[in-house]
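Undergrad: Before I ask anything, here is the structure I am working with.
The values are calculated or read from the model by the stated rules, or taken from the named source; none is laboratory data. Since this is a predicted model, take the numbers as computed values, not measurements. What goes into the accessible areas is simple: the full protein's heavy atoms, side chains included, and nothing from ligands, DNA or RNA. Shrake-Rupley method; radii C 1.70, N 1.55, O 1.52, S 1.80 Å.
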Amino acid sequence: MERVWQRQYANHAEAKADITDDIVGFYNCKRLNSVLGNLPPAAYEREMAKNAPIVVSEIT
């Protein structure tokens, strides 16, 4: 919503394309998130992918 209220779209397809570009280009790659240690979501996921996966016990 922080993007949509600032814009006027001609149609649904234009709105969808603009919002998608904003999420992919800014929100996931540049916008810092305090819950994620002041990293953008994409950078946080890259950092977490470097860690060894959590091992789940096979005992049921």
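Undergrad: Relative contact order for the range 1-59: what percent, with Cα pairs under 8 Å and sequence separation of 6 or more? Walk me through the numbers on the way to the answer.
TA: Values: 24 pairs, mean separation 10.4, N = 59.
Result for the range 1-59 is 18 percent.
Undergrad: With a 1.4 Å probe and all protein chains left in place, how much accessible area per residue does the chain have, in Å²?
TA: On the way: 5410 Å² over 60 residues.
Per-residue value: 90 Å².
Undergrad: Helix 41-50 versus the longest principal axis of the chain: what angle, 0 to 90°, nearest 10, using Cα atoms?
TA: The angle comes out near 20 degrees.
Undergrad: Per residue of the chain, what 222 nm ellipticity follows from adding -39500 (n - 2.57) for every DSSP H run with n ≥ 4, rounded to the nearest 500? Don't jump to the answer; show the numbers that get you there.
TA: Details: 2 runs with 21 residues, N = 60.
About -10500 deg cm²/dmol.
Undergrad: OK, next. Kindly express, to the nearest 10 degrees and within the range 0 to 90, the angle between helix 12-22's C-alpha long axis and the longest C-alpha principal axis of the chain.
TA: 50 degrees
Undergrad: So, one more: With a 1.4 Å probe and every protein chain kept in, tell me what percent of the accessible surface of the chain is carbon plus sulfur.
TA: Values: 3150 of 5410 Å².
Within the chain, the accessible surface is 58 percent carbon and sulfur.
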